[in-house]
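Scroll down for the structure; my scribbles are underneath it.
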There are 2 protein chains.
Amino acid sequence: MPALDFWFDFASTYSYPAALRIAPLAATAGVAVRFRPFLLGPIFKAQGWNTSPFNLYPAKGRYMWRDLERLCAELDLPFRRPQPFPQPSLLAARVALVGLAEDWGEEFCRAAFRAQFGAGDRIDDSATIARLIAPFGVDPGEVLASAQSEPIKARLREETQAAQTQGIFGAPSFVTADGELFWGNDRLERALAWAVRGS
Amino acid sequence: MPALDFWFDFASTYSYPAALRIAPLAATAGVAVRFRPFLLGPIFKAQGWNTSPFNLYPAKGRYMWRDLERLCAELDLPFRRPQPFPQPSLLAARVALVGLAEDWGEEFCRAAFRAQFGAGDRIDDSATIARLIAPFGVDPGEVLASAQSEPIKARLREETQAAQTQGIFGAPSFVTADGELFWGNDRLERALAWAVRGS
């Protein structure tokens, strides 16, 4: 089965529609998707940015919010502009790594994106995280402890390093088994098509 | 008839496929397109950039060249990476303004994009420009003189200012009659659809 890595940061605006769209599109295309949360912060920092480029470049930021709003309306996805932006995504990324090693990771990712960009919740709040994972029949205390454990912290650092090594500079990004990189929610369909042809 | 402004810089990579795609798509959609060349340079400069962000951020640049190559293959457009990049686009933009006030402007724009990104020609060379406008039955010397005249210089400055005032921060950009801004070759279809619905 063709494979595609889906790289995203929970704070990334266009990762929201991508995360919500990818599973059904991949199923239709017959592609196995691997969710790979990482942190854009260190990658941005290496480029000399201390926050999102959407904050650094106001005209681009204004456009992005309007574009995302239009896009969500088109996809029938709820949309609320998160405050603050970007949200610290460290905790959610670590929890996702715990869940992805079990069987509730992808569902958690979708729930976290919906909470942040659909309902305006703060995903850096452990109470929000506990509420989001409650339906998965796991113990919130244990998951949060596991998320802050050294192996998970190290894993997220390694994943972020791996993203950077593969040339990833933004999110969402998609990487096929033969190493083709596609950047942006609007490249999802092309990435899936490439995964099928290239495999 | 619904209208759409197509804002582009001749040095802009993704403006190449947009310029080659827009006329047939707009004809099918029943939208009247206005070609509006402008200069990204002053807009980038206002953001603190002294060259293209694709040069300033190498990972993004590497991705863009590969993405553009894939895109051109998909569209069956010839592709050669221009050297140097970005090309000074001032002369081509001024010549386009001369042509757009007559009846050969759009054809010249397409020819200039093809020359630069398809054949590797330098569009800042007046010999290239003279060759490109030769098929239009105009006098190259007169056109080049007109392009360097004060009214055309002023007009390009005004257009660049108008782009910035409308919130444009990159190219290609599309603006509908009701002021909706769409950025990027991959937003062309949505911009046309909005132009039709919004009018």
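The values are calculated or read from the model by the stated rules, or taken from the named source; none is laboratory data. Quick caveat: nothing in here was measured; it's all calculated off a predicted structure. Cβ atoms come from the backbone with ideal geometry, glycine included; neighbour counts cover every protein chain shown. The accessibility values were calculated without ligands, DNA or RNA, using every heavy atom of the protein model including side chains. Shrake-Rupley method; radii C 1.70, N 1.55, O 1.52, S 1.80 Å.
Summary table below
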read-out: Charge dipole magnitude, Cβ of K and R +1, D and E -1 - chain A, Cα centre, debye nearest 20; value: 600
read-out: Cα gyration tensor, the range B:70-172 - rounded (a/c under 1.5), prolate or oblate; value: oblate
read-out: Pairwise label distance in nanometres, residue B:25 with residue B:73, each label 7 Å out on the Cα-Cβ vector; value: 2.1
read-out: Portion, in percent, of the accessible area of the range B:21-112 that falls on carbon or sulfur, probe 1.4 Å; value: 53
read-out: 222 nm mean residue ellipticity, helices alone, for chain A (DSSP H n ≥ 4; -39,500 (n - 2.57); rounded to 500); value: -16500 deg cm²/dmol
read-out: At least 50 Å² of accessible area lost relative to the chain alone, listed for the range B:34-78 with a 1.4 Å probe; value: B:57, B:60, B:63, B:70
read-out: Residue B:157/residue B:85 FRET efficiency (R0 25 Å; Cβ-Cβ; nearest 0.05); value: 0.60
read-out: Cα-Cα over 28 Å, subset of A:60/B:60; A:60/A:153; A:45/B:153; value: A:60/A:153; A:45/B:153
read-out: Accessible area of residue A:178 in the full protein assembly, 1.4 Å probe (Å², nearest 10); value: 90
read-out: Rounded, prolate or oblate (a/c below 1.5 giving rounded, otherwise prolate when a/b exceeds b/c) for the range B:22-61 by Cα gyration tensor; value: oblate
read-out: Residue-count net charge about residue A:148 - beta-carbon cut-off 15 Å; Lys, Arg +1, Asp, Glu -1; value: -1
read-out: Candidate residues B:16, A:14: accessible-area rank, largest first, probe 1.4 Å; value: A:14, B:16
read-out: Calculated label separations, residue A:154, copies of the chain, 7 Å along the beta-carbon direction, nm; value: 7.0
read-out: Protection proxy ranking, peptides B:29-38, B:91-100, average beta carbon neighbours within 10 Å, highest first; value: B:91-100, B:29-38
read-out: Estimated Rh, chain A: Kirkwood, alpha-carbon pairs, angstrom; value: 17.0
read-out: Highest to lowest packing among A:144-155, A:114-125, scored as the average C-beta count within 10 Å; value: A:114-125, A:144-155
read-out: Per residue value of the accessible surface for the protein assembly as shown (all protein chains in place, 1.4 Å probe), Å²; value: 43
read-out: Length-normalised contact order for chain A - Cα pairs under 8 Å, 6+ apart - percent; value: 33
read-out: With DNA, RNA and ligands ignored, accessible area of residue B:183 (1.4 Å probe; Å², nearest 10); value: 80
read-out: Buried on assembly, the range B:172-187 (at least 10 Å² less accessible surface than by itself, 1.4 Å probe); value: B:180, B:181, B:182, B:183, B:186, B:187
